[in-house]
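Enquirer: Before I ask anything, let me first share the structure, which is written out below as structure tokens.
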Amino acid sequence: MKKNMILVGFMGTGKSSVGRRLAQRLQMDFYDTDEEMTKVTGLDLMTLYWKCGKIRFHSEEDLVLCKLLRKENCVIATGGTLELYEKRLQAMRASGMVICLKARPDMIQQRVARKQNRPLLRLGNRSDKMQQLYADVESWQQVADLVVDTTDKPFDEIVQIICDAWEREQHGVL
């Protein structure tokens, strides 16, 4: 039986929005690694990335994620550029069900266009950078316990799909 839900996927796929709704529906705690990094460092993500650099940014992300993975009965929304590597994947699987949210690139482009808090999109051509980052994050789809395309689905439907899979997982049917 898994104790947590860990949402992964590219920025703009709905991890935070879906995560909050999931947690509320299932009466679980909700944590967003981006928000937790801001609390821990006292810096918003843009400032953390530009002032402290990529290595420190990802180190803070790792520390926050490791701390959250030790909790129980929570939904964790990870950062939209979270890198996949074996040790991290093992820790996530030991803690819970890994759920990858995905969306069509054109939809992601629309969703993130109105936000300015994406430090990695500030480098060079935004569209080219998104394509490169999207390819990097796409690997989560191959290893997740569940993949949900959020492109044309309302939040209620996405939450229901995940809740159904969670229920099956809790009963050993997934």
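The values are calculated or read from the model by the stated rules, or taken from the named source; none is laboratory data. Bear in mind the structure is a predicted one, so any value in this text is a computation, not a measurement. Virtual Cβ from ideal backbone geometry, glycine too; neighbours counted across all protein chains shown.
Enquirer: In segment 53-70, which residues are farther than 19 Å from Ser95 by Cβ and among the β-branched types (Val, Ile, Thr)?
Expert: Ile55
Enquirer: Take the residues in segment 1-33 that are in a loop (DSSP other than H, G, I, E, B) and of a type in the set (A, V, I, L, M, F, W, C); name whichever of them is modelled with the lowest pLDDT.
Expert: Among them, the one singled out is Met1.
Yes/no matrix, rows are residues, columns are (1) more than 19 Å from Glu157 (Cα to Cα); (2) in contact with a helix residue (DSSP H, G or I) (Cβ under 9 Å, 6 or more places away or on another chain):
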| residue | (1), (2) |
| --- | --- |
| Thr13 | no, yes |
| Arg20 | no, no |
| Val40 | yes, yes |
| Glu83 | yes, yes |
| Cys100 | no, yes |
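Enquirer: Which members of segment 3-58 meet the condition of being within 22 Å of Arg70 (Cβ to Cβ), crowded, with 16+ Cβ neighbours inside 10 Å and of a type in the set (A, V, I, L, M, F, W, C)?
Expert: Met5, Ile6, Leu7, Val8, Leu22, Ala23, Leu26, Met28, Phe30, Met37, Phe57
Enquirer: Mind checking which pairs have a first residue in segment 145-157 that is closer than 13 Å to Val18 by Cα and a second that is surrounded by fewer than 16 Cβ atoms within 10 Å (Cβ to Cβ) and among the basic types (Lys, Arg), Cβ under 7 Å, 6 or more apart or different chains?
Expert: These pairs meet every condition: Thr151/Arg104.
Enquirer: Still on this structure, please answer the following. Give all pairs with beta carbons closer than 6 Å in which a residue from segment 57-74 that is touching a residue at least 60 places away in the same chain (Cβ under 8 Å) meets a residue that is in a helix (DSSP H, G or I) and among the hydroxyl-bearing types (Ser, Thr, Tyr); count only pairs at least 6 apart in sequence or on separate chains.
Expert: Phe57/Tyr49; Leu69/Ser95
Enquirer: When you check Ser95 against the structure, is it in contact with a strand residue (DSSP E or B) (Cβ under 7 Å, 6 or more places away or on another chain) and among the small types (Gly, Ala, Ser), yes or no?
Expert: Taking the combined requirement at face value, the residue satisfies it.
Enquirer: Quick one: count up the residues across segment 34-91 that are modelled with pLDDT of 90 or more, in a helix (DSSP H, G or I), aliphatic (A, V, I, L, M) and out of contact with any Leu (no Cβ under 9 Å at 6 or more places or on another chain).
Expert: Matching residues across segment 34-91 total 7.
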